Amino acid sequence: MIVKETKLKGCFIIEPQVFSDKRGYFVENYNQKTFNKALGLDINFVQDNESKSSKGVLRGLHYQLGEYAQAKLVRVVKGAVLDIAVDLREGSKTFGEHISIELSENNKTQLFVPRGFGHGFIVLEDETIFSYKCDNYYHKASEAGIIYNDKDLNINWQLPSSDFILSEKDLILPTLKDAKL
């Protein structure tokens, strides 16, 4: 496994080792001991989630507040997404900055998004399956988010906005300046 820390401290790109032959491929997506040692962390994932979406679906930017904050390990099982992580840690040198990375079934790349970050993605291919592990349980009363088109974040979602498909909830999220952190 190759682990690279991004410009956002604590946020890591993970490239697992893929073994391919004429039969197909094998990849170990997650091994807690190897993962924690490589990242220098002690993460215990407690919940796995999966979504299936069509091209243009934009989910995010989401996070959970307080004691219900979540770290996530995200990957694409089928298709491709542009994945976004935004540093929302007050006092961080990179507060309000973001990274974007394409995750796909072909590159098998994963992204570790630590607690204190907003997270979202836009689907680049039809019938994309997105999977993620969380280190804390979902708590509806603690969910929060930031509007995807916040001018201060200036995220390039790579697709024309006329192609975006968003939930009603995601269309009314506040800007970073007005968000609960």
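The values are calculated or read from the model by the stated rules, or taken from the named source; none is laboratory data. Please read these numbers as outputs of a predicted model, since none were measured by experiment. Positions of Cβ are backbone-derived with ideal geometry, glycine not excepted, and every protein chain shown enters the neighbour counts.
Yes/no per residue for (1) at pLDDT below 95; (2) among the small types (Gly, Ala, Ser); (3) touching a strand residue (DSSP E or B) at 6+ places or on another chain (Cβ under 9 Å); (4) part of a strand (DSSP E or B):
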position	(1), (2), (3), (4)
Lys108	no, no, yes, no
Gly118	no, yes, yes, yes
Ile122	no, no, yes, yes
Glu125	no, no, yes, no
Ile129	no, no, yes, yes
Asn136	no, no, yes, no
Ala141	no, yes, no, no
Tyr148	no, no, yes, no
Asn154	no, no, yes, no
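In segment 51-105, the residue that is nearest to Cys134 (Cα to Cα) out of those that are without any contact (Cβ under 8 Å) to a residue 60 or more places away in the chain and crowded, with 22+ Cβ neighbours inside 10 Å is Val74.
Residues are listed down the side, and each one gets a yes or a no for (1) closer than 30 Å to Lys180 by Cβ; (2) out of contact with any Lys or Arg (no Cβ under 9 Å at 6 or more places or on another chain); (3) modelled with pLDDT of 95 or more; (4) of a type in the set (S, T, N, Q):
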residue	(1), (2), (3), (4)
Pro16	no, no, no, no
Asn29	no, no, no, yes
Phe45	yes, no, yes, no
Leu58	yes, yes, yes, no
Val76	yes, no, yes, no
Asp87	yes, no, yes, no
Ser92	yes, no, yes, yes
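Tell me, yes or no, whether segment 124-147 has at least one residue that is over 26 Å from Tyr30 (Cβ atoms) and buried (at least 22 other Cβ atoms within 10 Å of the Cβ). Scanning segment 124-147, I find at least one residue that is over 26 Å from Tyr30 (Cβ atoms) and buried (at least 22 other Cβ atoms within 10 Å of the Cβ), so the answer is yes.
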